Amino acid sequence: MNVEIVDCGEISNNYFVDYKITGLTEKQFKFLENNLDEKLEYSHENNYLKIRMDFTKELYPFHTEESKFKKEDYKTREEYEMNLFLSSFLEDLSI
């Protein structure tokens, strides 16, 4: 599984991060679709899942001044954390 941040920002004081996940099986996608509350978009022809996570300003990972100077570091960390979250979440599928 590969996780990539493809968009992030603020819309009307609502903060979001869009993650593009590739390398999922159809079974894994269905499991996520049935068990995650976030906004999901699945492309069957391109075989990727897009997840939009909404954040408050305080929890938004890119709201600090430091994150603006080290955006790639913060982006990489967020991608890693989402990969870890999804991997642990998908462990329930194999139980």
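Along the axis of the charge dipole computed for the chain (Cβ charges of +1 for Lys and Arg, -1 for Asp and Glu, origin at the Cα centre), the listed residues L24, H63, N46 are led at the positive end by N46. Taking Cα atoms only, the orientation of helix 26-35 departs from the longest principal axis of the chain by about 60 degrees.
Dividing the summed -39500 (n - 2.57) terms of all DSSP H runs of n ≥ 4 by the residue count of the chain sets its mean residue ellipticity at 222 nm at -12000 deg cm²/dmol.
To put it simply, the accessible area of the chain at a 1.4 Å probe is 47 percent carbon and sulfur.
Calculate the dipole size of the chain relative to its Cα centre from +1 charges on Lys and Arg beta carbons and -1 charges on Asp and Glu beta carbons; express the result in debye to the nearest 20.
Numbers: 12 positive and 21 negative charges, 21 e Å.
So the magnitude is around 100 debye.
Lysine pair count for the chain (Cα-Cα distance under 15 Å; residues 8 or more apart in sequence or on different chains): 7.
In the full protein context, the chain carries 67 Å² of accessible surface per residue, based on a 1.4 Å probe and ignoring ligands, DNA and RNA.
Computed with the Debye formula from one identical point scatterer per Cα of the chain, without solvent, the log10 of I(q)/I(0) at q = 0.19, 0.20 Å⁻¹ comes to -0.93, -1.01.
The values are calculated or read from the model by the stated rules, or taken from the named source; none is laboratory data. Quick caveat, the model's predicted, so the values are computed rather than measured. Cβ coordinates were reconstructed from backbone atoms using ideal geometry, including for glycine residues, and neighbour counts include every protein chain displayed. Only protein heavy atoms, including side chains, enter the accessible area calculation; ligands, DNA and RNA are left aside. Shrake-Rupley method; radii C 1.70, N 1.55, O 1.52, S 1.80 Å.
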